[in-house]
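Encoded as structure tokens, the structure appears first; notes follow it.
Quick note: the coordinates plus some simple rules give every number you see, no bench work behind them. Note that the structure is a prediction, hence the values are computed from the model and not measured. Virtual Cβ from ideal backbone geometry, glycine too; neighbours counted across all protein chains shown.
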């Protein structure tokens, strides 16, 4: 699950409006093609999830959306190993913090179009690397 040259691999949840908005941003990126993966319809395998975590330098728990209903109702205040968390994410993909972009040798959470711009990627209509802080959601 590595992107090719000039390709963005976007892991997103089609049930989240923010994620579909980011898919629109990614589709507007110039000089890159987008290979999107909707985890709501096609969840990541445990191997792929582990690869994403390793590429980001994170533990599986760091990839969990701690504001999601599934996390708050079923997982919060419990302890799980990385292997157990991978199985939980496979069963409940909605708890994965998304969207995640993979391009070149970089893997990152995408909070707004400016995250692409800050990686040096041009998006039509988005010029500033600093962006508009009021458009970007609060970061964890």
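Things worth noting here:
- Residue within region 101-111 that is crowded, with 17+ Cβ neighbours inside 10 Å, over 22 Å from residue 4 (Cα atoms) and within 12 Å of the chain's Cα centre (by Cα) present: yes
- Tallying residues that are free of Cβ contacts under 8 Å to residues at least 24 places away in the same chain and assigned to a helix (DSSP H, G or I) within region 84-97 yields 3.
- Residue within region 81-100 that is within 28 Å of residue 121 (Cβ to Cβ) and over 13 Å from the mean Cα position of the chain (by Cα) present: yes
- Checked against (1) in a helix (DSSP H, G or I); (2) in contact (Cβ under 8 Å) with a residue 12 or more places away in the chain; (3) touching a strand residue (DSSP E or B) at 6+ places or on another chain (Cβ under 8 Å), residue 8 meets all criteria but (1).
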